[in-house]
Amino acid sequence: MDVYGLIGNPVEHSLSPPMHEAGYDHLGIDAKYVTFEPPRGAAVEAVESAATLGVAGLNVTIPFKQAVLDAVDPDPLAAQIGAVNTIDFATDPPTGYNTDASGVVRALEHHGVTCEGVAVVVGAGGAGRAAAFALATEGMTVHVANRTAEKATTLAAAVDETAGSAAGHPLSAVPSLLDDADLLVNATSVGMDEDRSPVSADALHADLAVLDAVYSPIETRLLRDAAAAGATTIDGAWMLLYQGVEAFERWTGRDAPVAEMNAALRSRL
Ligand code: NAP
């Protein structure tokens with residue numbers, strides 16, 4: 001039996017075990033997905049221990065996504081982003097990927113949204129970094145806006161230098177940036193467990209696709225406002241699903257059963 005898992009602190013509410021195990025069950029793969037909660041500061045030891053124990057693959061969540069870089073060989077996109085959320089132990093050293101980035105792109109593709117034109121990414125934390133690098137790598141012009149504006153400027157400069165065209169802005173610039181935008185990504189925590197949106201409703205329009213990284217609640221205020229404006233809406237569970245799908249496929253070498261994994265995920269949201 002293969003063992004896959006997740007390291008994070010905390011991990012008790014993770015939706016990854018049922019999502020991945022639905023995939024193993026559907027394909028008849030003899031595998032188990034387990035959560036581990038190492039002490040904060042023990043990222044490298046956790047990865048080395050997993051390798052020693054023969055764990056086949058690990059997902060990585062807060063607070064370990066940056067620190068595990070010291071224990072893996074990151075692929076180019078993960079190295080640019082500076083964070084790893086998926087580790088494959090088939091190589092020595094293990095390979096680190098950032099499937100949050102591919103999760104954004106694959107969630108858009110699933111909804112028929114092509115990565116062309118102008119994207120506005122609101123937020124410059126972990127999700128914002130993944131989205132900005134992913135979308136610039138796909139060829140979009142990326143505007144990053146953040147409450148702490150200098151973090152947006154720093155992130156945009158890094159994206160612009162290594163991945164594609166990007167610029168940083170304060171949050172106040174978002175309404176005017178959206179005038180000419182094709183895509184809006186909310187990568188802040190605004191809207192999580194609260195009925196608030198990071199973007200004023202009257203800045204949204206029908207030519208936009210709107211991806212909200214927040215998945216609790218599944219229908220955020222931003223997505224309700226976007227739907228009312230006639231925009232294409234993509235909830236955060238799609239990003240969560242596709243980061244898992246990408247990890248599943250890298251680990252098993254099989255096409256993931258997306259519908260079954262999606263059903264398992266959504267039944268728990
Ligand atoms: P993070 O690294 O802590 O970054 C948080 C971001 O939210 C920062 O840009 C922060 O701005 C901004 N922010 C927080 N409170 C704000 C407020 N009141 N007004 C405006 N901006 C505010 O967190 P993260 O890991 O990027 O996660 C962000 C969200 O994405 C969370 O809801 C998380 O659950 C979600 N997420 C979803 C997925 C998925 O697969 N769907 C994956 C990863 C994350 P400052 O820099 O100014 O503090």
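Listing for the model above:
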quantity: Sites residue 32 and residue 194 - FRET efficiency at Förster radius 35 Å, r taken between beta-carbons, to 0.05; calculated: 0.50
quantity: Those GluC sites (Glu not before Pro) in region 39-144 that DSSP places in a loop and that have at most 15 other beta carbons within 10 Å; calculated: 116
quantity: Label-to-label distance, nm, for residues given as residue 79 and residue 45 (7 Å Cα→Cβ offset); calculated: 2.9
quantity: Between 0 and 90°, nearest 10: helix 126-137 axis offset from the chain longest Cα axis; calculated: 80
quantity: Between 0 and 90°, nearest 10: helix 43-53 axis offset from the chain longest Cα axis; calculated: 40
quantity: Per-bin percent of Cα-Cα distances, region 101-234 [5 Å]; calculated: 2, 12, 24, 27, 22, 11, 2, 0
quantity: Loop-located trypsin sites (Lys or Arg not before Pro) in region 143-239, at most 15 other Cβ atoms within 10 Å (DSSP); calculated: 147, 196
quantity: Compactness relative to 2.2 N^0.38 Å, alpha carbon Rg of the chain; calculated: 0.98
quantity: Percent antiparallel among DSSP beta bridges (both partners in the chain, rounded to 5); calculated: 15
quantity: The chain: angle of helix 99-110 to the longest principal axis, Cα-based, in degrees nearest 10; calculated: 60
quantity: For region 60-132 versus region 204-269, the gap between their alpha-carbon centres in whole angstrom; calculated: 16
quantity: Residue 86 long-range amide H proximity, modeled H, under 5 Å; calculated: 60, 97, 99
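All of the numbers you see were taken from the coordinates with simple rules; none came from a lab. The structure displayed is predicted, hence computed values, not measured ones. As a convention, Cβ positions derive from the backbone with ideal geometry for all residues, glycine included, and neighbour counts pool all protein chains shown.
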